[in-house]
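Derivation of every value follows stated rules applied to the coordinates shown; laboratory data play no part. Keep in mind it's a predicted model, so treat the numbers as computed, not measured. With ideal geometry, Cβ positions are generated from the backbone for all residues, glycine too; neighbour counts draw on all protein chains shown.
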2 protein chains.
Amino acid sequence: MDGSQVVAALGALAHETRLRVFRMLVERGPAGLPAGVIAEKLDLPPSSLTFHLQQLLHAGLVTQRRLSRQLIYATDFAAMNAVMGYLTENCCGSDVVCVPVCRPAKAGKAAAQRKRTA
Amino acid sequence: MDGSQVVAALGALAHETRLRVFRMLVERGPAGLPAGVIAEKLDLPPSSLTFHLQQLLHAGLVTQRRLSRQLIYATDFAAMNAVMGYLTENCCGSDVVCVPVCRPAKAGKAAAQRKRTA
DNA sequence: TCCTTATTTCGATTATTCTCGAAATGTCGT
DNA sequence: ACGACATTTCGAGAATAATCGAAATAAGGA
């Protein structure tokens, strides 16, 4: 991940509305949420929400998939990890204690389950 | 640290030039760098650099101190830690492995030294 | 096919950010 | 006090981003 990708990602998160959207999607995990639900919860005009979702999409922070009539948006945890990694490496001094790993709660539990079971 | 402070910090870092400036300051640690040196290294018109430094300053990511005729800018590691903490907590899912701690290399070495000596 | 729902694209407007030369400010040495 | 240096403030123009209604597209059901 290079500097300009990070700039794009940070720019996407550097907006009150988009940060709210992103946090909401993080909370939901891989299941994500349809655009309409997000618009309703945040009380946004549909076209405004689309504008912001495109920013997040172009920055690579969220994914989009169609489920019949709805378009589902979800956090791209790998991308967020890459951003965190860059910031930790380049913007946090050279004496960082450890690197955080971002992943949804359920995936975590599943992973723990797998480990325990194995 | 609340959402709008984070938005301000991310906005400050979400610019090619400012990210470069900030990385340069992180590298330098608490000693920081005078504006003139930064301007020269990045080949920027002085007034443009000032504009960007103000953004970083207002976002609370850097500190400013005067050393005779020069104004020295330095990373505020505590502020950067707060931003990383927010992102880890709110934008990384609820199954984060650990939280990174940002601090300059020399402070780290000094801390290690202190520990070893103690 | 036609209607309804979900969402996006278009387009026009307003607001914000960026850039950088010229002038002002603060500080030191003489 | 004056001149030189480091940096900021001012101001105006150019570029980019945000807002959102209205029209267009996509998908499912009658």
### Query
Per residue of B:11-22, how many C-beta atoms from partner chains lie within 10 Å of its own C-beta, taken as a mean?
4
### Task
Using a cut-off of 12 Å between beta-carbons, work out the net charge of the residues near A:Val96 (Lys and Arg +1, Asp and Glu -1, A:Val96 not included).
-1
### Query
Amide H of B:Leu61: which non-local residues (sequence gap of 5 or more, or other chain) have their own amide H closer than 5 Å, using H built in the peptide plane?
none
### Query
Over all pairs of distinct alpha carbons, what does the Kirkwood formula give as the hydrodynamic radius of segment B:40-88, in Å?
12.1
### Task
Could you tell me which of rounded, prolate or oblate describes the protein assembly as shown, using a ≥ b ≥ c as the square roots of the eigenvalues of the alpha-carbon gyration tensor, with rounded for a/c under 1.5 and, failing that, prolate when a/b is larger than b/c and oblate otherwise?
oblate
### Query
Can you pull the mean other chain C-beta count within 10 Å for peptide A:77-89?
3
### Query
From the phi of every residue in segment B:40-53, what ³J(HN,Hα) in whole Hz does the Karplus formula 6.51 cos²θ - 1.76 cosθ + 1.60 yield, where θ is phi - 60° and glycine or proline is x?
5, 4, 9, 6, 10, x, x, 5, 5, 4, 3, 3, 5, 4
## Note on the structure
Computed ³J(HN,Hα) along segment A:9-24: with the Karplus parameters 6.51/-1.76/1.60, θ = phi - 60°, integer Hz and x for glycine or proline, the list is 5, 5, x, 5, 7, 7, 8, 2, 4, 5, 5, 4, 4, 5, 4, 4
### Message
Using a Gaussian network model on chain B with a 10 Å cutoff between Cα atoms, which of B:Val26, B:Val97, B:Val62 fluctuates the most?
### Response
B:Val97
### Task
Between copies, how far apart are the A:Pro34 label points? List them in nm, one decimal, shortest first, with each point 7 Å from Cα toward Cβ, please?
6.3
### Query
Pick from A:Thr75, A:Thr17, A:Thr63: which is most flexible by mean-square fluctuation in a GNM of chain A where alpha carbon atoms under 10 Å apart are linked?
A:Thr17
### Query
Shape call for chain A from the C-alpha gyration tensor, a ≥ b ≥ c root eigenvalues: rounded (a/c under 1.5), prolate (a/b greater than b/c) or oblate?
oblate
### Helix-derived mean residue ellipticity, 222 nm - over chain B, DSSP H n ≥ 4, -39500 (n - 2.57), to 500
-19000 deg cm²/dmol
